[in-house]
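A short worksheet on the structure shown next.
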Amino acid sequence: MERRWFARFAAIAAGLALASAGAPAAAQTATLELKRLGASRSLGSFDFFATAMTAEDVAASVVPQSVGMPIREGEDTFLEYEFSEHVTREPEYVSEHPLRDSVRLGDHRYCLALDSRPGEEEYSVLYFDRDRNGDLTDDAVIEAKRHKSPGFLIFGGGDVGYEFPLVELEIVVEGRPMPYALGVVTRRHGEEETTYVSASLSAAVYREGEIAIAGRRHRLVLVDMNSNGRFDDRIPAEALEGEEDDAPLFLLGAGGDALLVDPEGARPWDLFDPASDLAGRCHPAGGRIVLDGAFHELAVSPTGAEVKITPYAGALGRLQNSMGPWRAWIRSGKDRFLVAAGSDGAATVPAGEWRLLSYTVDLTAQEAAKAGPPPKRSFLSSLGALFGGEPGPPTTLVSARAGKDVAPVRVGGGEEAALPFGPPYRGVVTAQRGRRAGGVRLSLQIVGAAGEVVSDLRVGGNRPKEPTFVITDPAGAVVKRGSFEYG
């Protein structure tokens, strides 16, 4: 996989000081059109071999709202109080255990019930109180077609899934009516004496438009990543504590919405690759963003109909770490998040107090340069290139996530401050009682200078050999030898 991310940000970082020195440009506001996913589009799926990603690819990759319940023979599993408070009339259910719940969309909650067809145990009938009048019997009944859910392939033949036609309705966001659509997928699977039933409700709309900044037009794609009907959700600060995966859209899925700027040319798998070129074009819906080599303040209206981009007029400083080409998610205050790129060992950022969330140091390009020209392409790699799957050089990188106790770093205007992370790395071993009497379970974490925990480590495309351990008694006699396993 090609690694273009740092090269692009080297140019951005170099231009930041110049961009902030000129006369401030005026704020620009874009009007974004609401668009719906195609009715035949399967949610959460797209062609990974495609060479270019579409807006629908992004919109189909949102984080759904989920409802569910366990079913145990002879037990009443219905505990959804919001449903009971709002629903006054229900249909005659076929299933002995209908799934009844509610989800919040915009300003209000909407109640729903999942039932079965006669003679079936699967949940393939949906009642959705679109008009919020408390009557589930006066809305059109929605029936699904059977399909094998993703869980069927992952967890085995015990899973049954259904995908429903899009649920279209009008919601209210901050007092303003807005068309909306939901994709609904259900899953049922058994586990010993308990059956679990769940439904995922995903946003099936997104917004799209253009904006002109300093005479250059940019395409904008705004996504309701958390599927709650609003487009302006910020990432909650607590949502990122302890996150192991720092791919940009996974982080935004922790509770915030996403604005993509000029997503053309990105490939589908870039959505899930933290070192991809897409990382510099995927922004939280609010806060500061880098655009055309300059910082801007981003404001998104609750309905997403308007996006305002205002040039940042404050002071700039630099965060320094000499470990190598790096990029890090950093946070200022409770809701300002930024991707900082230190392609030359330092990253230009707005002055203030910043706290490390996660980082990746990618030495793939340097190692490839040392290795010289690549070997002659094999038949299999040539075949893969035909389908858009041509690999890049073997990856050499380290990724880590910061803990809650990592101290913030303050950088002043025109100043440079050290952002501590990286070596010396040390191994931290913890012991827990094992399942067997007298047994002990050992686990190993690799911890960096700032207390960050390594989540990914690759050298030449491979993980290092598993670390070994030796346990001795007080006299020095070997009690046990072994090795740690990844995972």
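Output the number of residues of the range 413-428 satisfying the condition of being surrounded by 14 or more Cβ atoms within 10 Å (Cβ to Cβ) and either without any contact (Cβ under 8 Å) to a residue 24 or more places away in the chain or part of a loop (DSSP other than H, G, I, E, B) (or both).
Filtering the range 413-428 for residues surrounded by 14 or more Cβ atoms within 10 Å (Cβ to Cβ) gives 417, 419-422, 425.
Imposing the further condition that a residue be either without any contact (Cβ under 8 Å) to a residue 24 or more places away in the chain or part of a loop (DSSP other than H, G, I, E, B) (or both) reduces the set to 419-422, 425.
Residues in the range 413-428 being surrounded by 14 or more Cβ atoms within 10 Å (Cβ to Cβ) and either without any contact (Cβ under 8 Å) to a residue 24 or more places away in the chain or part of a loop (DSSP other than H, G, I, E, B) (or both): 5 in total.
Summed over the range 342-356, the residues that are over 14 Å from L316 (Cβ atoms) and of a type in the set (A, V, I, L, M) give a count of 1.
Collect the residues in the range 343-357 that are open to solvent by less than 30 Å² (accessible area, probe 1.4 Å), touching a residue at least 40 places away in the same chain (Cβ under 8 Å) and either farther than 16 Å from L291 by Cα or not β-branched (V, I, T) (or both), keeping them in residue-number order.
Let us first name the residues in the range 343-357 that are open to solvent by less than 30 Å² (accessible area, probe 1.4 Å), namely 345-350, 352, 354-357.
With touching a residue at least 40 places away in the same chain (Cβ under 8 Å) added as a condition, the list becomes 346-350, 352, 354-357.
Selection gives A346, A347, P350, G352, W354, R355, L356, L357.
Within the set R441, R435, R410, the sole residue that is in a strand (DSSP E or B), of a type outside the set (A, V, I, L, M, F, W, C) and at pLDDT below 90 turns out to be R441.
Within this structure, Y206 fails the test of being aromatic (F, W, Y), farther than 30 Å from P311 by Cα and either open to solvent by 40 Å² or more (accessible area, probe 1.4 Å) or in a strand (DSSP E or B) (or both). Here G157 clears all of (1) outside any strand (DSSP E or B); (2) at pLDDT below 90; (3) surrounded by 12 or more Cβ atoms within 10 Å (Cβ to Cβ) except the condition numbered (3).
Within the range 315-341, the set of residues being open to solvent by 30 Å² or more (accessible area, probe 1.4 Å) and either closer than 13 Å to G287 by Cβ or among the aromatic types (F, W, Y) (or both) comprises R331, G333, K334, D335, R336.
Residue check: is G255 modelled with pLDDT under 95 and under 20 Å from P98 (Cα atoms)? First the steps, then the outcome.
Values: modelled with pLDDT under 95: yes; under 20 Å from P98 (Cα atoms): no.
For G255, the condition - modelled with pLDDT under 95 and under 20 Å from P98 (Cα atoms) - is not met.
The selection criterion, being assigned to a strand (DSSP E or B), at pLDDT 85 or above and under 26 Å from D362 (Cα atoms), does not hold for A449.
Give the range 104-134 a look and list any residue that's among the basic types (K, R) and either out of contact with any strand residue (DSSP E or B) (no Cβ under 8 Å at 6 or more places or on another chain) or closer than 25 Å to I71 by Cβ (or both), or say none. First the steps, then the outcome.
Going through the range 104-134, the residues among the basic types (K, R) turn out to be 104, 109, 117, 130, 132.
Those that are among the basic types (K, R) and either out of contact with any strand residue (DSSP E or B) (no Cβ under 8 Å at 6 or more places or on another chain) or closer than 25 Å to I71 by Cβ (or both): R104, R109, R117.
Within the range 179-188, is even one residue exposed (fewer than 15 other Cβ atoms within 10 Å of the Cβ), more than 21 Å from E56 (Cβ to Cβ), modelled with pLDDT under 85 and not acidic (D, E)? Looking through the range 179-188, none of the residues is exposed (fewer than 15 other Cβ atoms within 10 Å of the Cβ), more than 21 Å from E56 (Cβ to Cβ), modelled with pLDDT under 85 and not acidic (D, E). Looking at A341, is it in a strand (DSSP E or B), farther than 20 Å from Y425 by Cα and under 23 Å from the mean Cα position of the chain (by Cα)? Yes, satisfied.
Consider R281 carefully, then state whether it is under 23 Å from the mean Cα position of the chain (by Cα), within 18 Å of L222 (Cβ to Cβ), open to solvent by 20 Å² or more (accessible area, probe 1.4 Å) and modelled with pLDDT under 85. Spelling it out, R281 is indeed under 23 Å from the mean Cα position of the chain (by Cα), within 18 Å of L222 (Cβ to Cβ), open to solvent by 20 Å² or more (accessible area, probe 1.4 Å) and modelled with pLDDT under 85. In the range 433-482, of all residues being surrounded by 10 or more Cβ atoms within 10 Å (Cβ to Cβ) and polar (S, T, N, Q), the one that is nearest to W354 (Cα to Cα) corresponds to S455.
Based on this model, can you work out whether F164 counts as at negative phi and at pLDDT 90 or above?
Details: at negative phi: yes; at pLDDT 90 or above: yes.
Criteria met by F164.
Listed by first and then second residue, the pairs with beta-carbon distance under 7 Å, at least 6 apart or on different chains, first residue in the range 93-107 and hydrophobic (A, V, I, L, M, F, W, C), second open to solvent by 10 Å² or more (accessible area, probe 1.4 Å) and part of a loop (DSSP other than H, G, I, E, B), are V94/R117; V94/P118; L99/Y123; L105/N228. I'd like the full set of residues that are among the basic types (K, R) and in a strand (DSSP E or B), limited to the range 452-466. If the condition is that a residue be among the basic types (K, R) and in a strand (DSSP E or B), then R458 is the only one that fits.
The values are calculated or read from the model by the stated rules, or taken from the named source; none is laboratory data. Model, not experiment: these values are computed from the prediction. All Cβ positions, even for glycine, are placed from backbone atoms using ideal geometry, and neighbour counts span all protein chains on display. Each accessible area value is taken on the protein alone, full model and side chains, heavy atoms only, with ligands, DNA and RNA left out. Shrake-Rupley method; radii C 1.70, N 1.55, O 1.52, S 1.80 Å.
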